[in-house]
1. So if I check each of 373, 345, 322, which one is under 26 Å from residue 269 (Cβ atoms), modelled with pLDDT of 85 or more and surrounded by fewer than 18 Cβ atoms within 10 Å (Cβ to Cβ)?
2. Can you tell me which residues in region 130-158 are touching a residue at least 12 places away in the same chain (Cβ under 8 Å), assigned to a helix (DSSP H, G or I) and more than 25 Å from residue 96 (Cα to Cα)?
3. For region 390-416, enumerate the residues that are exposed (fewer than 13 other Cβ atoms within 10 Å of the Cβ) and at pLDDT 80 or above.
4. What are the residues in region 192-208 that are over 15 Å from residue 178 (Cα atoms) and either in contact with an Asp or Glu (Cβ under 7 Å, 6 or more places away or on another chain) or not charged (D, E, K, R) (or both), if any?
5. Which ones in region 341-377 are within 18 Å of residue 294 (Cβ to Cβ) and over 45 Å from the mean Cα position of the chain (by Cα)?
6. Say whether the condition of being over 26 Å from residue 10 (Cα atoms), in contact with a helix residue (DSSP H, G or I) (Cβ under 6 Å, 6 or more places away or on another chain) and either surrounded by fewer than 12 Cβ atoms within 10 Å (Cβ to Cβ) or of a type in the set (D, E, K, R) (or both) is met by at least one residue in region 214-234.
7. Can you tell me which of 19, 36, 44, 32 is at pLDDT 80 or above and within 33 Å of the chain's Cα centre (by Cα)?
8. So, in region 299-325, how many residues would count as being in a helix (DSSP H, G or I) and farther than 13 Å from residue 349 by Cβ?
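The values are calculated or read from the model by the stated rules, or taken from the named source; none is laboratory data. Quick caveat, the model's predicted, so the values are computed rather than measured. Ideal geometry is used to build each Cβ from the backbone, glycine not excepted, and the neighbour counts take in all protein chains shown.
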Amino acid sequence: MRRQLLLLTAATTALVLIALLVPLALLTRSHAADQALADATQRAQSLAAAVGGALGRPDGTETVEAVLAGAIGPDLPRISVVLPDGHVLGAPAPVTDAVRLARTGRTFVYAPAGGGRVVLVPVQGVLRDGHEEGTAVIEVTVGDEQLYDGVLASWLTVAGLGAGLILLGLLVADRLGARVVGATRRLAAVADRLARGDLAARAEPSGPPELRLVAVELNQLATRIGELLKAERENAADVAHRLRTPVAALRLDAEGLRDRIEAERITASVMALERSVDEVIRTARRPLREAAAARCDLAALSRERGAFWLPLAEDQERTLRLNTPAAPVIVGVEEADLSAVLDALIGNVLDHTPHGTGFRVTVGRRTDGGGLLTVEDDGPGFPAQDVTDRGHSGAGSTGLGLDIVRRTAQESGGAIELGPPGAGARVSASFGPPR
């Protein structure tokens, strides 16, 4: 933006200066020519007065030559005196039609083919030995050098003035652009912090009125987002808290079972459900920015959740194979979120495939240090429609399981990939390393 503003200012200033300085330059050239011609005309008229009086005397020719010697110089116009008999005193000059026209008594200026200007002034009634011989002509030739003397210096001055004005305009535009761009970048930095979950970020209104208005509106938006998120977290926590009562009643019922082994197994499951409800409440009330430092061992947690689901798999006559490396596979995901991913993927196999269908849980490592989790089964596979859309399921469930997997993977810097439709379903979820 700053560069565009400078280019716009330079172009606008240059166009304005061209519109003003070009006519000024032409006027300077014309004024110099007029001044040179006026000087040449005055010089010719002065010589005409001197020549008219001198030629009437016996030594008139010598007097005129002496006057011409004082008026001729290397940087001065060429001066010639054409006598009535065609003899030329001073600078050599031919008797042209212009000279013959001047002998009729006309004073004029013309431009010869070779350039420059010629001033012709007649001297009528030239006397010699007391008799009038005719009309002499004073011819002053002004070359292009004398005609436009000083024009180049004037043009350079005008050009320097224009360049100075352009530089001044660019300096002002640069300061203005720096002010606008700086305010815009500060707004962008605040917006970036908000996008990363820092809802405490606020913009300092600065710059032009429009950007100050944007800063105020951005602060109001951040405040409103914080209020909405707080309300959503509290609502989710309240809903989860309501589950504690029926879960507690379920645990009491489980403890009252006569079969001690079954009672212990069901009580352990109910206690795990209580811990999940408590984790939901804590997660709902946890600020978003705490997830920035999340980390978890994907391999160890996969073995733990596999052991948790193994009894149910055995009850359904399923074969569960765990392929996890012995070394830790650290990923940038909270343990509770990663547990929800594993439970969703394993639960989908148990809920949506026939009893006796085996499945495998494989953990690998990404090249950038993240982790790769693959859950695949030997069932009928996925339906043709997209089962990752939130709220849509091909088996009559809530349709949230795969969406939880997708969202968790993407928030950590990974992605989710489904196997092709057909025999066997495969879900591969990659997770990025800790930040």
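1. Going through 373, 345, 322 in turn, the sole match is 322.
2. Scanning region 130-158 gives 151, 154, 155, 158.
3. Passing the criteria: none in range.
4. Matches in region 192-208: 194, 195, 197, 199, 200, 201, 203, 205.
5. Passing the criteria: only 343.
6. Yes, region 214-234 has at least one match.
7. 19
8. 11
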